[in-house]
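Here's the structure we're looking at; comments come further down.
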Amino acid sequence: MPTEINVEDYRSPQAAINHAKSIGGARIIFPRGDYPCELVIDSPNIELFTNSDTILRAAGSSPVVDVKSGGVDFVLDGFDVRGQTQRNEITSNRNGTRKNTRALHCIRIQERGARLRNFKTSGARYDSLYLKYDGRIDFEAEDFLVDSSARNPVTLVSGQGFRFTRGKFRLDNRFTSKQGELISGLYLFDCEPNSLNDKYRDIIFKRVTFENAGNNYGNNQVIFQDTHIGNANDLSVFFEDCEFIKSGNAEGSAYIRLKADRKLKEFSNMHLKRTRHQFRAMGVASGGELLLKNSSFDDVVISEQSLTFAIKLSTGTVVNNVRTTAGSSGLFGLRAASSKPVKLLLDKSSNVKVTNVPGY
């Protein structure tokens, strides 16, 4: 059990963190309250803990919680992290000027071993949660609501080893990036290397909901962009017991989207098991045809008939028990399976295995 200290015994939350650093780490207890802060974590074994309705909110333009090099095995448990000052919070958004957001990010993680539990984020100028590490990051988030910010709820830039369990990623129109026509944020979950040196893989989503709650135009997809790993883009991404839903009136739906710089780019190692999709399940960022290899779709339900759009399922891919609820009665998630054929785009020269799929 780590040493426990009370944040109220220090002149500021950062002062408590600095003391914890001096003794090799500690659990810092936050009583119920609303704490404006710009916390910097740059030493190991710092834990922030509360069991009350406790808010960490923007004090300025820096991230509310910034885990930098050295901040190994950071823990955050029980907080509502807001990228707004109290004054911002009562200011309505005007014409995409982002005057109702302040902090760059709610939480920025750039070190390995972080554990985020029982938390909420919302209202940053850019991403609620920003993740970047060169190597094995072993990041975990569980029991969470990563809510809307002016850009993405999440941006994952680089690193290997991410696990998201029992949570929701959500995007609506309370904040806006105003990037051209995009007035309900950019991506619902963005995996996007910034440079050729940034690479990502090994991502697990288990019992996670992806919700497009926007009421205007926006690219509200879970997007995987070119990893710069040759032509392979070996993602090692797993979705298990996940839902992709649309609760707002925005164009498009919440679905998985692949993006590459040129035609015939290959992606591989993406796996969906017991997933439910309102509208389509997958798509691409442009009309360029992509190949998806060594992947699997097992027990997948789609409310329409499309599994892929301009994505060729290719070598080593298995499609089993994929069905649609198109034309059946009831609400999404409760409809009976339809016998209407599922639309797949198959690479006829490869060994894609399709079983128990209407039409195949």
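About its Cα centre, how strong a charge dipole does the chain have in debye, to the nearest 20, once Lys and Arg get +1 and Asp and Glu get -1 at the Cβ?
940
Along the range 122-131 the Karplus relation, 6.51 cos²θ - 1.76 cosθ + 1.60 evaluated at θ = phi - 60°, assigns HN-Hα couplings of 5, x, 7, 5, 10, 9, 4, 10, 10, 10 Hz to successive residues, with x for each Gly and Pro. Label separation (Thr3 vs Ser195): 3.8 nm, computed from points 7 Å beyond Cα along the C-beta direction. Roughly how tilted is helix 13-22, in degrees to the nearest 10 and between 0 and 90, from the longest Cα axis of the chain? Roughly 90 degrees, rounded to the nearest 10. Between Tyr200 and Gly159, the built amide H atoms are under 5 Å apart, and every one of these is 5 or more places off in sequence or on another chain.
Accessible area ranking (1.4 Å probe, heavy atoms, ligands and nucleic acids excluded), largest first, for Lys132, Lys340: Lys340, Lys132. The HN-Hα couplings worked out from phi for the range 311-321 by the Karplus form 6.51 cos²θ - 1.76 cosθ + 1.60 (θ = phi - 60°) are 10, 8, 6, 10, 2, x, 8, 10, 10, 9, 6 Hz, whole numbers, x standing for Gly and Pro. Rounded to the nearest Hz, the phi-derived 3J(HN,Hα) couplings of the range 110-121 under the Karplus curve 6.51 cos²θ - 1.76 cosθ + 1.60 (θ = phi - 60°) are 9, 8, 7, x, 6, 10, 10, 9, 6, 10, 10, 9, where x marks glycine and proline. Each Cα pair under 8 Å and six or more residues apart adds its sequence gap; the mean of these over the residue count of the range 219-280 is a relative contact order of 49 percent. Near Gly70: Cβ cut-off under 10 Å, other residues only, Lys/Arg at +1 and Asp/Glu at -1. The net charge is 0. Per-residue ellipticity at 222 nm from helix content only, as computed over the chain with -39500 (n - 2.57) for each DSSP H run of at least four residues, stands at -1000 deg cm²/dmol. Sorting Ile23, Ile107 on solvent-accessible area from highest to lowest, probe radius 1.4 Å, gives Ile23, Ile107. When only Cα pairs under 8 Å and 6 or more residues apart are kept, what is the percent relative contact order across the chain? Reported relative contact order: 8 percent.
With 18 Å as the limit, the listed pairs Lys273/Lys348; Lys132/Lys265; Lys273/Lys293; Lys21/Lys68; Lys265/Lys343; Lys199/Lys246 have Lys273/Lys348; Lys132/Lys265; Lys265/Lys343; Lys199/Lys246 beyond it between alpha carbons. Leaving ligands, DNA and RNA out of it, report the carbon-plus-sulfur percent of the accessible area of the chain at a 1.4 Å probe. C and S atoms contribute 43 percent here. Annotation: amide H-H contacts under 5 Å for Leu39 (H modelled 1.01 Å from N, sequence separation of 5 or more, or interchain): Val65, Asp66. The simple spin-label model puts a point 7 Å past each Cα toward its Cβ; for Ser350 and Glu89 those points are separated by 4.9 nm. For Ser22 and Ser247, the difference between the fully extended length at 0.36 nm per residue and the C-alpha to C-alpha distance is 76.2 nm. Which one, Phe162, Pro31, Leu48, projects farthest toward the positive side of the charge dipole computed for the chain from Cβ point charges (K/R +1, D/E -1)? Looking along the dipole axis, the top candidate is Phe162.
Positive contributions from Lys and Arg (+1) and negative ones from Asp and Glu (-1), summed over other residues with Cβ under 15 Å from the Cβ of Phe210, come out at +3. Using a probe of 1.4 angstrom and keeping all protein chains present, the accessible surface of the chain works out to 41 square angstrom per residue. The figure for Thr91 is an accessible area of roughly 40 square angstrom, using a 1.4 Å probe on the protein chains alone.
The values are calculated or read from the model by the stated rules, or taken from the named source; none is laboratory data. The model shown is predicted, which means the values in this text are computed figures rather than measured ones. FYI the Cβ positions are ideal-geometry reconstructions off the backbone, even for glycines, and counts take in every protein chain you see. Note: areas computed on protein heavy atoms with side chains; ligands, DNA, RNA excluded. Shrake-Rupley method; radii C 1.70, N 1.55, O 1.52, S 1.80 Å.
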